Amino acid sequence: MKAINYLNYFFVGMPILLVLIAAVIPNNGAEFAFCGVLSTIVTGLFQLIFGIKMLLDEPEDKDLQHYISGVIFFFLLWFVNGLILHFEFIYFILFPIPIILAIYFSTITYKKAQQ
């Protein structure tokens with residue numbers, strides 16, 4: 001579990017580091033910022049895969065159940081709003097949900113690594 005926790009630190013820290021490098025580099029910073037934004041997709045994929053794996057290993061864990069429920073809620077709301085509802089304010093609701101889910105998954109992996 002400690003390895004997953006360290007990998008999670010890497011995947012969460014990489015986009016932040018790349019965007020900070022982009023802020024420091026005056027000329028070619030946009031490429032670092034773009035890579036930082038794209039690496040958030042890899043972070044989300046990592047957290048989703050390991051969240052599902054951890055839930056399959058411990059199906060009665062309430063924290064993991066809440067995490068997967070949040071992920072399902074996010075994608076369903078995004079899909080339904082994009083195809084059916086078309087409400088602009090829902091996109092403002094959708095924007096912070098991946099950040100909240102990433103923080104929540106990080107706390108879950110931290111707690112499990114400390115056990």
Evaluation of residue 53 against (1) modelled with pLDDT under 95; (2) closer than 20 Å to residue 12 by Cα (one fails), failing number: (1)
Some residue of the stretch 43-60 being touching a helix residue (DSSP H, G or I) at 6+ places or on another chain (Cβ under 8 Å) and among the acidic types (Asp, Glu): yes
Tally, over the stretch 47-71, of residues that are loosely packed, with under 13 Cβ neighbours inside 10 Å and among the hydroxyl-bearing types (Ser, Thr, Tyr): 1
Subset tally (residues that are within 20 Å of residue 101 (Cα to Cα) and in contact (Cβ under 8 Å) with a residue 12 or more places away in the chain) for the stretch 20-51: 12
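The values are calculated or read from the model by the stated rules, or taken from the named source; none is laboratory data. For clarity, every value in this text was computed on a predicted model and none was experimentally measured. Quick reminder, even Gly has a Cβ in these numbers, built from the backbone with ideal geometry, and neighbours come from all protein chains shown.
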